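Report on one structure; see the data block that follows.
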Amino acid sequence: MFEASKTRRVRSQSFYDCFLSGSVLDIGCGEDLVVPHTQPFDLAYGDAERILEFFPAESTFDCVHSSHCLEHMRNVPDALADWWSLVRPGGYMIIVVPDADLYEQGI
């Protein structure tokens with residue numbers, strides 16, 4: 001919960017300027033958007049494993065970001081392929097997943 005706020009403490013301003021300054025789709029964000037200008041997509045909007053049903057094929061983003069969502073997908077390769085298809089050429093996909101050992105230690 002509030003994973004974007006946690007990563008905000010370790011990401012530099014240059015990281016945000018480079019990767020998150022354009023159009024951003026934030027998959028699984030809840031109410032904790034990675035940047036204020038994010039297009040949010042959470043369970044309330046639909047199933048992230050069927051994201052292409054919610055965005056037309058011509059939809060592209062400078063960055064597709066997802067924090068602590070991928071590990072909940074049933075079919076990770078297909079979800080990643082669909083998410084990647086929403087990244088414009090030359091754009092970025094940023095995925096954050098928990099490290100089981102560190103997560104259990106509260107880190």
**OP:** Please identify the pairs in which a residue from the range 5-28 that is surrounded by fewer than 19 Cβ atoms within 10 Å (Cβ to Cβ) has its Cβ atom under 7 Å from the Cβ atom of a residue that is in a loop (DSSP other than H, G, I, E, B) and not aromatic (Phe, Trp, Tyr), counting only partners at least 6 apart or on another chain.
**Re:** 5/32; 16/35
**OP:** Would you point out the residue of the range 15-68, among those that are of a type in the set (D, E, K, R) and over 19 Å from residue 80 (Cβ atoms), that is modelled with the highest pLDDT?
**Re:** 17
Original post:
If only one of 58, 53, 49 is among the acidic types (Asp, Glu), surrounded by 12 or more Cβ atoms within 10 Å (Cβ to Cβ) and closer than 20 Å to residue 79 by Cα, which one is it?
Top reply: 49
Subject >> Residue list for the range 29-48, restricted to those being in contact (Cβ under 8 Å) with a residue 12 or more places away in the chain, among the small types (Gly, Ala, Ser) and in a loop (DSSP other than H, G, I, E, B) >> reply: 30
Subject >> So residue 51, is it without any contact (Cβ under 8 Å) to a residue 40 or more places away in the chain, in a helix (DSSP H, G or I) and within 13 Å of the chain's Cα centre (by Cα) >> reply: yes
**OP:** Could you tell me whether residue 90 is within 22 Å of residue 11 (Cα to Cα) and at pLDDT 95 or above?
**Re:** yes
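The values are calculated or read from the model by the stated rules, or taken from the named source; none is laboratory data. Just so you know, these numbers come straight off a predicted model, no measurement behind them. Neighbour counts are summed over all protein chains in view; Cβ atoms, including those assigned to glycine, are modelled from backbone coordinates with ideal geometry.
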